[in-house]
Every structure is written in C-alpha cells, then in structure tokens.
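Taking it in order: structure first as structure tokens, then the write-up.
FYI, it's all coordinate maths here, none of it is from the lab. This is a predicted model, so every value here is computed, not measured. All Cβ positions, glycine included, derive from the backbone under ideal geometry; neighbour counts span all protein chains shown.
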Amino acid sequence: MSSPILKLVAQRVALGILLLLAVSVLIFAGTQILPGDVAQAILGQSATPESLANLREQLGLNQPAYLRYFHWLGGVLTGDLGTAMSSGQDIATSIKGRLWNTLFLAFWAAIVAVPLAIILGLIAVRYRNGWVDKLISGLALASTSFPEFFIGYVLVYFFAVKWQIFPGISTVYDGMPFGERMQAIALPATALTLVVLAHMMRMTRAAILNVMQSAYVETAELKGLSAFNVIRKHAFPNAIAPIINVVMLNLAYLIVGVVVVEVIFVYPGMGQYLVDHVTKRDVPVVQAVGLIFAAVYISLNIIADIAAIVANPRLRHPK
Amino acid sequence: MADSKAKPGLLLDIRNLRIEATVFPPGEPPKNIVLVHDVSLTLEKGKVLGLIGESGAGKSTIGLSSMGYGRGGVRITGGEVILNGRDILKGGKDGFRKLRGREVCYVAQSAAAAFNPAHRLMDQVVEATLLHGTATRAEAEKRAVALFKKLSLPNPETIGERFPHQVSGGQLQRVMTAMALCSEPDLIVFDEPTTALDVTTQIDVLAAIKDAIRDTHVAALYITHDLAVVAQVSDEIMVLRHGRLVEWGGTRQIIKEPRQEYTNALVSVHEIEHAEQKPGMTPFLSVKNVTAAYGRSQIKVLKNVSVDIYPGQTLAVVGESGSGKSTLARAITGLLPPEQGTVTFDGRPLANRLADRPKEDLRQLQMIYQMPDVAMNPRQTVGTIIGRPLEFYFGIRGRERDKRVAELLDKIEMGKGFSDRYPAELSGGQKQRVCIARSLAAKPKLIICDEVTSALDPLVAHGILELLLELQKEENVAYLFITHDLATVKSIADSIAVMYRGEVVRYGPKSQVLAPPFDAYTDLLLSSVPEMEIGWLEKAIKGRRMASAGN
C-alpha cells in the first residue's frame with residue numbers, strides 16, 4: 001500500500017545526497033579559485049620561500065586538486081573536518097558547540113514563529129479583505145521589510161537599554177541554566193521571528209485562499225460549519241503542501257541566515273564563527289561551515305518534499 | 001413557532017424572492033443586476049419540485065436560497081423564504097448555520113469536486129449529523145451504512161473508509177446523496193446531480209436517488225436543464241427563464257400539455273429531421289487499424305480502430321467518457337501519433353506526426369472544441385480570430401480579408417458588427433458559432449467536432465446543430481462528430497461508430513446502427529438516454545442487459 005510513497009521518498013533522499021555531493025564539489029572548487037595562498041596567509045609577508053614551500057608540502061597544497069578534494073571529502077565523511085589554520089584547533093570540536101547554539105536559537109525562534117505565522121494566516125483568511133486581514137498583512141510586511149540589523153538594534157534599544165528587561169549581548173556558555181539561556185536568546189529569537197513571520201503568514205494565507213474557491217469548501221459551508229471550522233478542517237489540510245514548503249525554507253533561513261543577527265547580539269553560533277574565519281581566510285573552516293549549511297538546506301527541503309508527498313491522500317492511499 | 005399563514009403539510013414557501021448581484025463589466029463601472037425577479041414557490045413535505053431552465057435562469061440561485069446561501073457576491077434582497085413555518089432570512093448567520101446540514105442539505109453537480117480530497121468519505125458523510133448533534137458517531141455511521149446499502153453502493157460496510165479519489169464518479173454522486181440524507185433533513189436541494197455523468201451511469205444514480213427520496217419521505221428541489229431527467233423524479237415542474245417564472249405545473253401537464261411557448265420549445269427541442277445520405281463510392285479519409293496509447297503506457301486507448309469518412313457526410317462517434325472518442329480525433333489530426341495503423345487522405349497516407357504534415361494537410365482538417373470559451377484567445381477580436389486562418393493558409397489580408405470575415409459572419413448568422421467584439425462579450429452559443437466560422441475559413445474537407453454542443457443549453461445546441469447541417473449542404477464539408485449524446489447523433493449523423501473501451505463495437509450507416517438487433521453495449525447506450533415519458537426510468541432499468549461501466 002505504501003510502496004509508491006516509499007519509492008518517491010527514496011528518490012528524494014537519493015537526489016538530496018547527490019545534490020549534497022555536487023555542492024561539496026562546488027564549495028571545494030570555489031575556495032580553490034579564491035585568490036591568495038593559505039601558506040602565505042599563515043606565514044605572513046615576511047616568510048622565506050623555503051618556509052613557504054615546507055608549509056605547502058606539510059598542508060598537502062602541492063597535490064592535485066582532485067586528490068585534495070577526495071582527501072577532504074573522506075575526512076568529512078568520517079567526521080574529520082580538518083584543523084583551522086588560524087588557530088590550529090580541530091574544526092569539528094569547535095563547530096559542535098556553536099552548531100548546537102545556532103540550532104537552539106533557531107529552534108526557539110521556530111517554535112514561536114511557525115505556529116504564530118500559520119494562526120495569523122488562518123485569521124487573515126477568516127476575515128479576508130477586512131481590517132483584521134489588512135492589519136495582519138501590513139504589520140507582517142513591515143517587520144519583514146525592515147532589515148534584520150535594524151530590528152535587532154531597535155530591540156536592543158528598547159528592551160536592553162531603555163527598559164533593561166533582556167540582555168543586549170547574548171552570551172551563553174556551557175552548563176548555563178536553561179532559564180538564563182532563554183533570557184539570553186530572547187532578543188535574537190524575537191528578531192529572527194519578526195524576519196521570517198511575514199513570508200510564512202502570507203504563503204499560508206495565499207495557499208488557503210486558493211483552496212477556498214473549491215467546491216468542497218462550499219459543501220462544508222452548506223453543512224453549517226462555522227467559517228473558522230471550514231478553513232481549519234476543510235481548507236487547511238489541502239493547502240498544507242505549499243505551507244510546509246515555505247515553512248521549511250524559513251527554518252533553513254533560521255539556521256543558515258542568522259549571520260547578521262548572531263553578529264549583532266554577539267551570539268556564539270555558526271554565523272559568527274563563519275564571519276570570523278572568512279575575515280581570516282581560514283579556508284578549511286569556511287568549507288566545513290559551507291557544507292553544513294548546505295546539508296541543512298538540502299535536508300529541510302527534502303523533509304518539505306516528503307511531507308508534501310505524505311500529505312497527499314492520492315499518494316498515501318492509491319486506488 | 002408556526003406561522004399563522006402556513007398551511008399544514010407545507011414545508012417550503014418562497015414568496016416574491018428577489019436576488020441580486022453586482023457585476024464588474026470590463027471598462028465600465030460596477031452595476032447591479034437582478035438574477036431572480038420576484039419568484040414564488042411552495043413545496044409540501046415529501047414532494048419533489050423540479051426547477052428547470054437554461055443556464056442563467058436562476059434555478060441554482062433559487063435552490064440555494066432555501067439554505068440562505070448565495071454563491072459569489074449574490075445577495076437575497078427581497079421576499080421571504082419560509083421553511084418549517086419561519087422566515088429563515090430573518091435568522092441571520094447563526095440561523096443559517098443551524099438549518100444548513102440539518103433541515104436542508106445539498107447535493108452538488110460534481111461530487112468529485114464537492115468531496116474534500118483530504119478526508120475519508122465516512123468522516124464527511126457523518127460530519128453534518130455530528131455537528132448538529134442529532135446522533136452519536138456510532139448511530140450516524142450505522143445510518144450512513146444503511147444509506148449506502150439503499151443507494152446500492154458496492155461494499156456498503158467499507159466504502160466509507162475510502163478517500164474520494166478511490167471511488168468512481170457515479171458512486172461518489174450516490175455517496176453525496178447518502179451524505180445529504182444522513183442528517184435526516186426535511187429538504188434536499190439536488191443541483192444537477194447527474195449532469196456530469198455518462199448516460200449509462202446517470203440512469204443508475206437517478207434510480208438510486210428516486211428510491212431514496214421515496215423511502216425517506218424527504219422533500220426535494222431537483223435542479224436540472226434536462227427536462228427528460230426531471231420528468232422521472234418530480235411531482236411538479238417549474239420552468240424558469242432569465243430569473244422569471246415561465247410555467248409551473250404537474251409533471252404530466254408540463255411535458256404533455258405545455259401551456260407556454262417556451263416550455264413547448266424545451267419539450268420538443270431534440271427533433272431535427274435529417275435524412276441519411278448513402279455512403280459514396282470512395283471515402284476521402286480512411287482510418288485503418290489504428291492503435292494508440294498515451295506515453296509509454298501498456299494500456300492502449302485505441303485498439304485497432306478503422307472508420308471511413310465520405311465527402312460532405314457526417315460520421316458520428318459515440319461512447320462514454322474514456323471510450324477513446326477524443327483520442328481518435330487526436331490520432332487523425334496527428335496530435336497523438338498512432339503506434340500502428342494509418343490514416344489515408346485522398347488516397348495517400350498522412351504523416352503520423354503533426355509536425356511532419358505540410359500546411360495543406362493541416363488546412364484540410366479543422367477542429368471545433370467543446371469549450372468555445374477556452375478555444376479562443378480572449379484578447380483578440382472576433383474579426384482577428386476568424387481572419388487568422390485566411391491569412392495563414394491563403395495569405396489574404398487587408399480589405400479582402402475583412403470582406404471574407406464579413407461573409408463568414410453572415411454564414412454563421414451573426415451580423416458584421418460582431419467583427420470588433422471580444423469573445424467575452426459573446427454568449428456561449430455565439431462563441432461556438434465563431435469557432436465554426438474560424439474552422440470554415442480554412443475551407444477544409446473535414447471538420448472534427450468534439451462534443452461541440454455538450455456545454456450549451458438545449459435550445460442553443462439545437463441552433464448550432466441546424467447551422468452545422470446547413471453549412472454542410474452549402475460547403476460540402478464532412479464532419480467527424482464526437483458526442484456522448486445519442487439524441488444529437490440521430491439528428492446529424494449519416495453513419496455512426498459506437499466506441500467502447502477503445503474499440504469500435506458497432507459501425508455502419510445510421511439506419512443500420514440504430515436498428516435492432518443490438519449488441520449489448522449499444523443496447524445499454526440507447527436504452528439509457530432519458531425519454532420524456534413518465535415511468536421511463538423504471539422501464540429502462542428493468543429492460544437492461546448489462547451493467548454500465550461506471551459501476
């Protein structure tokens with residue numbers, strides 16, 4: 001019974017893996033094309049030609065590019081992301097804590113943003129073209145239109161400086177109590193929520209409105225269901241595929257696109273880590289972070305695809 | 001609280017109903033139009049009233065007003081709708097919600113679209129009953145299964161576990177009837193419940209609906225444009241036109257002794273005398289042993305089909321949906337290259353693929369489609385649309401082209417003034433006439449007519465058929481006439497091919513095909529066409545030799 005679904009899901013997963021491999025090639029190639037030489041960058045202007053040659057030999061930079069790619073890929077697959085050139089630290093170990101911090105922030109932002117966006121979308125449909133709809137759309141659009149650094153600083157100004165409810169700098173450390181941690185991420189999470197809210201809300205609204213034209217919505221109305229129940233029980237389940245898609249895109253953004261917000265709030269996550277090491281031209285770190293971001297993006301999109309497949313009763317229950 | 005004016009036994013009393021809507025014509029300020037002009041009707045408990053009329057007659061609008069519902073921007077602006085002794089229009093939104101799905105239920109034209117694809121049938125069937133709290137879930141489901149049985153659905157115990165896409169159209173229509181009956185309403189509004197079905201399926205659904213109405217003593221408003229259908233189920237019939245009452249009377253009186261001219265026109269609409277032409281010596285187009293399939297599918301949509309078309313004659317291809325009629329047209333035109341077999345034209349084979357055919361071959365085969373609305377570019381004027389084949393095939397331009405367009409407009413009985421109009425400004429029948437003129441402009445030997453009258457009202461369709469016959473005489477053009485409607489076939493065909501599951505099961509001159517002895521399928525097809533006779537339905541069901549494919 002579930003065989004067509006299994007087949008489709010397997011296809012998506014295989015496609016995702018293939019895509020990830022392609023991205024890894026692109027990332028590797030991209031960092032190779034960049035001007036500048038890592039050995040030169042590490043040793044600085046005053047390095048002698050001999051020491052440069054030694055270091056290149058030591059780092060394996062003299063090998064052909066494809067060998068270095070497979071070497072790097074093999075390391076990645078076994079959990080070895082290499083060592084950071086600037087600090088000499090193991091990348092996997094330093095990323096672990098930061099990735100967890102980023103996921104923590106993204107998780108709480110998503111917990112607030114996704115249900116809020118969908119509920120606001122449902123309400124907007126219920127009162128479509130009325131003042132409630134226009135107010136919701138207007139506010140959501142405004143919050144998206146402001147750049148995130150602006151929202152960040154506005155939040156800091158009011159909540160941290162003026163009223164001093166939340167800290168303006170989101171320092172977190174290992175073993176920090178949960179409550180304090182939540183207080184620390186309150187402002188960056190709010191900023192992220194405001195950034196992603198409108199997109200999800202508008203898509204929810206549009207997807208449901210599209211379904212509201214259907215004959216089965218009229219059937220539901222003629223059964224005497226209340227307007228909100230018509231939307232919730234009959235329109236929403238059929239609009240779920242496009243909604244999941246946009247939700248997943250925004251979740252990916254919460255993890256991958258937080259660079260600016262993390263920098264503003266000095267939050268020790270992946271974004272800040274990436275920005276730090278881009279400025280230091282630390283190629284292995286940039287590669288590793290790039291690959292992780294790509295993996296997050298691809299897997300969330302696969303989840304969206306699979307969810308859309310599973311949400312379709314025609315595929316779930318074939319004839 | 002009973003209305004003092006209400007008669008005992010009276011269920012629905014609509015008085016001077018006025019319904020309006022705001023329309024937004026392009027380039028003009030919005031304006032108010034009246035859809036229903038002060039129509040009154042009464043319906044007693046357990047009786048069936050048929051509402052009949054062409055599209056735009058206001059029959060659905062009136063039907064839905066009994067639930068206080070207006071589609072789109074439709075508003076009830078005057079009159080009273082008295083249901084069970086109270087004016088429901090005074091009840092407001094909450095009042096409507098309480099009566100919808102409880103006192104009045106609705107059966108839509110296309111059950112396939114009216115069921116939510118995301119929920120199981122049972123959940124949808126019992127939804128209204130549970131919502132209004134008239135039964136527990138177990139009771140409601142028991143009632144639903146009993147109704148499935150009554151409506152002779154297969155596997156009544158388990159069909160409710162299925163999703164809408166797992167059930168055929170004819171079955172869905174019966175499930176929808178069960179859904180309406182499940183909350184034991186006083187009134188059901190049937191809105192063209194069999195129009196979207198094949199004739200052979202329609203008869204089963206019709207019989208099931210009729211039995212269910214009789215056994216549950218529910219009253220019904222039965223809306224349709226097909227007088228023969230409504231004559232089978234109704235006690236009384238109300239004829240509507242342009243939102244006004246034309247005639248209202250007992251079923252027998254309406255179909256046997258219509259008092260109004262319009263009703264008379266509706267009753268006698270299908271009768272066109274068309275003498276059969278004998279096939280000539282040589283056909284100009286021969287389809288030989290054509291087999292075709294879509295994609296890489298193993299399932300053949302056409303199996304070894306052979307037919308001949310003679311100059312200036314009409315070959316009608318009849319069959320149910322899915323029988324391969326339209327696919328045959330696609331194979332002949334080259335849109336779907338056949339896997340095997342050939343199409344010969346004037347003694348030489350035509351290229352299989354459309355792209356390989358020279359312009360001259362394209363010109364000789366023209367098409368007219370079911371939906372004239374979508375077959376024309378809405379942003380071109382009628383003159384441009386008809387003039388295009390003249391430019392494309394003959395290179396006629398400028399004044400000469402305009403002259404030819406005017407002649408063609410004259411041929412289709414539309415004035416020269418239509419040349420500058422856009423399709424949106426035309427009625428359905430006028431649009432189809434423009435499509436006919438466009439195909440004639442190419443001076444083809446064959447016009448393929450794919451269900452050209454199916455989307456039109458009976459009287460309009462009648463006009464189109466007469467026009468086609470007249471043009472055939474004048475231009476000596478042949479038609480390949482695809483239809484599911486046997487009445488149409490009788491009035492236009494010279495020879496007939498009956499198709500069933502991709503095969504031609506019966507083929508020959510009209511007089512032979514329509515004369516006994518019949519094969520089982522042709523018999524089913526012929527006996528399923530509703531006749532304007534009271535009691536026809538019971539007779540037809542009794543006399544059947546095979547079950548229809550839709551079951």
note = re the stretch B:387-448: pairs of Cα atoms spaced beyond 20 Å account for a percent value of 22
note = Computed over all unlike Cα pairs, the Kirkwood hydrodynamic radius of the stretch A:186-248 in Å stands at 12.8
task = Enter the angle in degrees (range 0 to 90, nearest 10) between the Cα long axis of helix B:199-216 and the first principal axis of the Cα atoms of chain B, meaning the one along which they spread out most.
result = 10
ask   = By count of other Cβ within 10 Å, fewest leading, how are A:50, B:475 ordered?
value = A:50, B:475
The stretch A:7-160, dipole about Cα centre (Lys/Arg Cβ +1, Asp/Glu Cβ -1), debye to the nearest 20 = 780
task = Compute the separation of the alpha-carbon centres of the stretch B:205-239 and the stretch A:7-27 and state it in Å as a whole number.
result = 58
request  = Taking all pairs of distinct Cα atoms, average 1/r, flip it, and tell me the Kirkwood hydrodynamic radius of the stretch B:136-255 in Å to one decimal place.
outcome  = 15.4
inquiry  = Neighbour counts of other C-beta atoms within 10 Å: give me A:127, A:173 arranged from fewest to most.
reply    = A:173, A:127
query = Just how far, in whole angstrom, is the stretch A:132-200 from the stretch B:342-397 if you go by their alpha carbon centroids?
reply = 63
task = Would you list which lysines come within 21 Å of residue B:210, measuring only between C-alpha atoms, while excluding same-chain residues fewer than 8 positions from it?
result = B:45, B:47, B:59, B:149, B:150, B:539, B:542
key: Fewest-first ranking of B:226, B:198, A:276, B:420, using other Cβ atoms within 10 Å as the exposure measure   = B:420, A:276, B:226, B:198
message = Just to confirm the number: angle between the C-alpha axis of helix A:236-256 and the first principal axis of chain A, 0 to 90 degrees, nearest 10?
response = 20
task = Within the stretch B:253-324, list the GluC sites (Glu not before Pro) lying in a DSSP loop whose Cβ has at most 14 other Cβ atoms in a 10 Å radius.
result = B:271, B:273
task = Could you work out the per residue convex hull volume over the alpha carbons of the stretch A:100-281, in cubic angstrom?
result = 136
task = Starting from the amide H of residue B:508, placed 1.01 Å from N in the peptide plane, find each other amide H under 5 Å away whose residue is 5 or more places distant or on another chain.
result = B:496
Extended-chain gain in nm, criterion 0.36 nm per residue less alpha-carbon gap, residue A:232 and residue A:280 = 12.1 nm
query = Looking at the protein assembly as shown, what % of the alpha carbon pairs are farther apart than 52 Å?
reply = 36
Cβ-based net charge around residue A:83, under 11 Å, with every Lys or Arg adding one and every Asp or Glu removing one = -3
query = Over the Cα atoms of the stretch B:11-61, Rg to Rh with Kirkwood Rh, two decimal places?
reply = 1.11
inquiry  = How large is the Rg to Rh ratio of the stretch A:70-173 when both quantities use alpha carbon positions and Rh follows Kirkwood?
reply    = 1.17
inquiry  = Cα atoms only: what Rg and Dmax, in Å, come out for the stretch B:234-361?
reply    = 22.6, 60
request  = Return one number: the angle in degrees, 0 to 90 and rounded to the nearest 10, between the long axis of the Cα atoms of helix B:458-475 and the longest principal axis of the Cα atoms of chain B.
outcome  = 10
ask   = When the helices in chain B are scored as -39500 (n - 2.57) per DSSP H run of 4 or longer and the sum is shared across all residues, what 222 nm value do you end up with, to the nearest 500 deg cm²/dmol?
value = -10000 deg cm²/dmol
task = Could you tell me the distance between the Cα centroids of the stretch B:150-183 and the stretch B:105-135, to the nearest Å?
result = 10
ask   = Based only on the alpha carbon positions, what is the Kirkwood hydrodynamic radius of the stretch A:1-93, in angstrom?
value = 16.0
key: Value of D in µm² per second that Stokes-Einstein yields for chain B, Kirkwood Rh from Cα pairs, at 10 °C (1.306 mPa s)   = 62
key: the stretch B:48-161: relative contact order in percent, alpha carbon pairs under 8 Å with at least 6 residues between   = 16
